[in-house]
Amino acid sequence: MVASAAVRLFGMWASPAVRRVEWALKLKGIEYEYIEEDLSNKSSSLLEFNPINKQVPVLVHNCNPIVESLVILEYIDETWKENPILPVDPLERAKARFWATFVDVKCREESRKAFFMEGEEKEKAIENLQVQLKALDEELEGKKFFSGDHIGYTDLAVGWMAFWLGVAEEAAGFKANYDVKFPNFSRWMKDFLAEPVIKDNLPPREKTVEFFRAFKQLGSCTKVNQK
Amino acid sequence: MGETLKLFGWKVSPYSHRAEVALRLKGLKYEFIHEDLANKSDMLIRYNPILKKIPVLLHGDTPIVESQVIVEYIDEVFDGHPILPKDPYERAEARFWARFIDEKVRPQVWMSCWTDGETQKSFIAQAKESLAILQGRLEGKKFFGGDSIGLIDIMACSLALWFGVMQEVVGLNLLNEDDYPELCRWGEEYRNAEAVKECLPERELIVGFFAPRKDRIFAKKAPVYD
């Protein structure tokens, strides 16, 4: 175990990007100090460690800040070698990174539109999201997790969808219908959320739905800065 | 690995260039397969069914897609010119800047070209700030990677050529020597680097893409290929 003072994580309770980092730290058995940020009143420490994006999560290791959740995941995996998150084989690593980029850029964009928009634009975003979910569903054919028998980098990257997609649906009144249309993905969501490291590290659902409901009413993407 | 390397690409695309320059930096032999993006080949769709985009690197029979993923793959598999640093913290730092370029600089600079009125003013203000921040990262060095080209340089390549051409086509003067002397100096170093020279498209090719499609790109705010 690593001494807690050496590893600090600046986060916000509702943020999927922050939880992603916490899941990785816990999978690796790394002890860390967690600092909850009020994003409407950011601490001077956060601004000092992440002056460019001013966002959470920020991992501080031996006083060095690392930002961007997927970048942090790779840093964690390269620094602490036990219980590897990324595959060893370079082709498998490339595949894992592709899926991470796919969900972080493409799926998140369509989910964001489905969440914030109304009418035709909302419907179009849901359609696009379903095309993306189909790709994820096909990738899971014959596999328990994206990374195989155990959760790994790709599962942690896609993981926000297992919890926060449902939250977004409830808060914004839409349905992507994955339980009906995408059985592999639907099964993966349940299995992922049942994993001890994940189950014990999720925000309370009702409180999160309320948070995102309020977030939608504000109609702004800049209130909660998270990556 | 003795397997063949093929790159499905398009010379006008900076993303395609990223993959190509990484191959050149490592001194690798590869076959460049030119894709007509208005008429994508069956092979491209077979190897990248989800996104249907270039670049696609084919190593033997296995495709690798997404330009940064391709660059990191090439760096991990092949010896020679190191593209990412060895130290995990420095690697994280390089990857942070790669994301900053792709998520802030490039979209802001693109939208500065293809909007007007108040919207354009807003994007220009954002782009100016991001360009200044990126310029600060150079810290007077020859390249973002120090003495030699690294990941950040490769990811920033559109600032070395493509953006300059695009801004001329639309009549914008955002990236210029007065405001960004260091970035422009870097751009020249980048363009003149051996591995880059070998695979950089001619300005005229890029002009030839943007100029006739100006109005349609302006309407769509995204590239139009036909």
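The values are calculated or read from the model by the stated rules, or taken from the named source; none is laboratory data. Note that the structure is a prediction, hence the values are computed from the model and not measured. Every residue, glycine among them, receives a Cβ derived from its backbone with ideal geometry; neighbour counts consider all protein chains shown. Surface accessibility is based on the protein's heavy atoms, side chains included, excluding ligands, DNA and RNA. Shrake-Rupley method; radii C 1.70, N 1.55, O 1.52, S 1.80 Å.
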Heavy-atom accessible area of B:HIS81, protein chains in place, probe 1.4 angstrom, given in Å² to nearest 10, is 50 Å²
How crowded by other chains is B:68-79, given as the mean number of beta carbons from other chains within 10 Å of each beta carbon? 3
Roughly how many whole Å is it from the C-alpha centroid of the stretch A:47-67 to that of the stretch B:50-68? 32 Å
Report the convex hull volume per residue for chain A, counting only C-alpha atoms, in Å³. 120 Å³
Test of understanding: express the Cα radius of gyration of the stretch B:65-132 as a ratio to 2.2 N^0.38 Å, with N the residue count. 1.45
To the nearest 500 deg cm²/dmol, what mean residue ellipticity at 222 nm is calculated for chain B from DSSP H runs of n ≥ 4 alone, each contributing -39,500 (n - 2.57), summed and divided by the residues? -15000 deg cm²/dmol
Cβ charges +1 (Lys, Arg) and -1 (Asp, Glu), total dipole of the stretch A:1-54, debye: 240 debye
Value of relative contact order over chain A, rounded to a whole percent, pairs C-alpha under 8 Å and six or more apart: 23 percent
Taking alpha-carbon centroids only, the stretch A:75-138 lies from the stretch A:13-33 a number of Å equal to 18 Å
In peptide B:84-97, how many Cβ atoms from other protein chains are near each Cβ within 10 Å, on average? 5
At 4 °C and 1.567 mPa s, grab the translational diffusion coefficient of chain B from Stokes-Einstein with a Kirkwood Rh over Cα pairs, rounded to a whole number in µm² per second. 71 µm²/s
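Could you give the semi-axes, largest first, of the ellipsoid that matches the stretch A:1-62, computed as the square roots of 5 times the alpha carbon gyration tensor eigenvalues and rounded to whole Å?
The answer is 20, 13, 9 Å, longest axis first.
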Over the heavy atoms of A:TYR75, what accessible area does a 1.4 Å probe trace out, to the nearest 10 Å²? 10 Å²
If the only charges are +1 at each Lys and Arg Cβ and -1 at each Asp and Glu Cβ, what is the size of the charge dipole of the stretch B:102-226 around the Cα centre, to the nearest 20 debye? 360 debye
A:SER40 and B:ALA222 label points (each 7 Å along its Cα→Cβ direction) are spaced in nm at 3.5 nm
Out of A:PHE185, A:VAL167, A:LEU70 - ranked by how far each Cα lies towards the positive end of the dipole of chain A, with unit charges on the beta-carbon of charged residues - the top one is A:VAL167
Over chain B, what is the relative contact order in percent, taking alpha-carbon pairs closer than 8 angstrom and at least six residues apart? 21 percent
From DSSP H assignment alone, runs of 4+ in chain A each adding -39500 (n - 2.57), the sum over residues rounded to the nearest 500 puts [θ] at 222 nm at -16000 deg cm²/dmol
Note down the nm distance, to one decimal, between modelled labels 7 Å out along Cα→Cβ at B:THR4 and at A:GLU206. 6.3 nm
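Cβ neighbours within 10 Å, averaged per peptide: list B:63-74, B:171-182 in order, most packed at the top.
Going by the mean number of other Cβ atoms within 10 Å, highest first, we get B:63-74, B:171-182.
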Shape category assigned to the stretch A:1-127 from the gyration tensor of Cα positions, a/c cut at 1.5: oblate
Whole-number value, in Å³ per residue, for the convex hull of the alpha carbons of the stretch A:103-215 is 94 Å³
Between B:GLU189 and A:LYS113, the two model label points (7 Å from Cα along the beta-carbon direction) sit apart by a distance in nm of 4.0 nm
Can you pull the Kirkwood radius for the protein assembly as shown, inverse mean 1/r over Cα pairs, to one decimal in Å? 23.2 Å
Using the alpha carbon gyration tensor of the stretch A:52-158, what are the three equivalent-ellipsoid semi-axes (square root of 5 times each eigenvalue), largest first, in whole Å? 28, 21, 9
Relative contact order for the stretch A:13-143 using alpha-carbon pairs under 8 Å, separation at least 6, rounded to a whole percent? 16 percent
Mind checking the full-extension length gain between B:ASN173 and B:ASP61? Use 0.36 nm per residue of separation minus the Cα-Cα distance, one decimal, nm. 35.9 nm
Using only the alpha carbons, work out the radius of gyration and Dmax of the stretch B:140-226 in angstrom. 14.2, 42
Accessible area of A:THR79 in the full protein assembly, 1.4 Å probe (Å², nearest 10): 50 Å²
Rounded to the nearest 5, the percent of antiparallel DSSP beta bridges in the stretch A:9-96 equals 65 percent
With just the Cα atoms of the stretch B:1-68, tell me how far they stretch along each of the three principal axes, in Å, largest first. 31, 24, 19
Fraction of antiparallel bridges per DSSP, the protein assembly as shown only, in percent to nearest 5: 65 percent
Give me the mean projected area, in nm² to one decimal, of the convex hull enclosing the Cα positions of the stretch B:81-204. 7.6 nm²
Taking 0.36 nm per residue of separation between B:VAL207 and B:LYS52 and subtracting their Cα-Cα distance, the length gained on full extension comes to 53.4 nm
